[in-house]
Amino acid sequence: MSHALRTTILLGAFWLLVFLTGIYFVHFRTKNVQEKLVKEEKVAVEELDLSENLVSGLPVIKAEVKSALYRWEHRDKVIPKISSYHETYNYLDQILKREPTTLNYDFAAQEESDSNGVHYSNYTLVGEAEFLDLYHFIWYVEHLPRYMRINSLDLTEAIKETETEDATQRWVKFTLALTALSADRPGFDAVQYAVDINMPHENYDPFAPARKEVHQIPPNVDGLPNVFDSKLRALTPNQVYLVDQNGELKILNLGDDVYLGRLVDILPDSNRAIFDLDLLFPPRRVSLDIGVKK
């Protein structure tokens, strides 16, 4: 074997090795990039679904807020003639006795003031409770007849071991500042304690994370083509030819069923077929190009 032939074979083997190595790295790099993009698409779709759920529930939330504001603005409130430290403490204690509660607090009097015959007594409540018990307490302060002004509320989540292992029972530490008003002048009588008032909601939990509603997707019991796992091979103005998830060639006409939807349009000029997946949540329109899935 001549030196030139040997050199040619060695160079050919070298470039073949370089070529195969390049194909190897391109293949696996492309595969990794594809897997990464699939994961990112899945996360984006889940976040989009959650956003759509929140947006769809916005009208209901607005209606509830409007109703709550109307009830709050049209409350029947009265101001007593006298409001002493002990009388205010007893009034709040009556609220605690309306129902079983975990709420416990220290009650401290702050500064007092007068303005045009109206006496203002400021108090601070510092304590802890399961959040719903605190929520009920504030609800009664706001909805019972006596007018007491809540000035501020500071909340921090508290770690509390309870005998029950109910993870939904969230404990909070709180500092609640309020003002009790009184006016010793005609028209301000003793407050009658109300028994029947609108009850607070039982399941209100602002600490709970937003959760996406779970929807059950029907199984593919009929073995219909799954467009997410199918490849479009050819098409005519009225038919498409695709290889389904089982590797079988399927011929579909306009309107034929696929898994979660149907074939709704064929675009021969762009080599594309359109599928409307109305049984998917949220409903989605998917297009397949020849050799490409979108």
Original post:
Looking only at residues in the range 92-137 that are under 38 Å from the mean Cα position of the chain (by Cα) and among the aromatic types (F, W, Y), which one is surrounded by the fewest Cβ atoms within 10 Å (Cβ to Cβ)?
Top reply: F107
Original post:
Taking into account only those residues within the range 168-191 that are in a loop (DSSP other than H, G, I, E, B) and over 28 Å from the mean Cα position of the chain (by Cα), which is modelled with the lowest pLDDT?
Top reply: V191
Original post:
Under 8 Å by Cβ, and 6 or more places apart or on different chains, what pairs join a residue from the range 126-139 that is more than 17 Å from Y91 (Cβ to Cβ) with one that is surrounded by fewer than 21 Cβ atoms within 10 Å (Cβ to Cβ) and of a type in the set (G, A, S)?
Top reply: V126/A108; E128/A158
**OP:** Filter the strands (runs of 3 or more DSSP E) completely within the range 242-294 down to those with at least 3 residues that are crowded, with 16+ Cβ neighbours inside 10 Å.
**Re:** 261-267, 272-277, 284-289
**OP:** Output the number of the condition that S67 fails; it satisfies all remaining conditions of (1) in the same structural domain as R170 (by TED's automatic domain parsing); (2) within 30 Å of T156 (Cα to Cα); (3) of a type in the set (S, T, Y); (4) at pLDDT below 90.
**Re:** (1)
**OP:** Please go through the range 77-94 and pick out each residue that is more than 16 Å from T124 (Cα to Cα) and not in a loop (DSSP other than H, G, I, E, B).
**Re:** V78, Q94
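The values are calculated or read from the model by the stated rules, or taken from the named source; none is laboratory data. Given the structure is predicted, the values throughout are model-derived calculations rather than measurements. Glycine also receives a Cβ, built like all others from the backbone with ideal geometry; neighbour counts cover every protein chain displayed.
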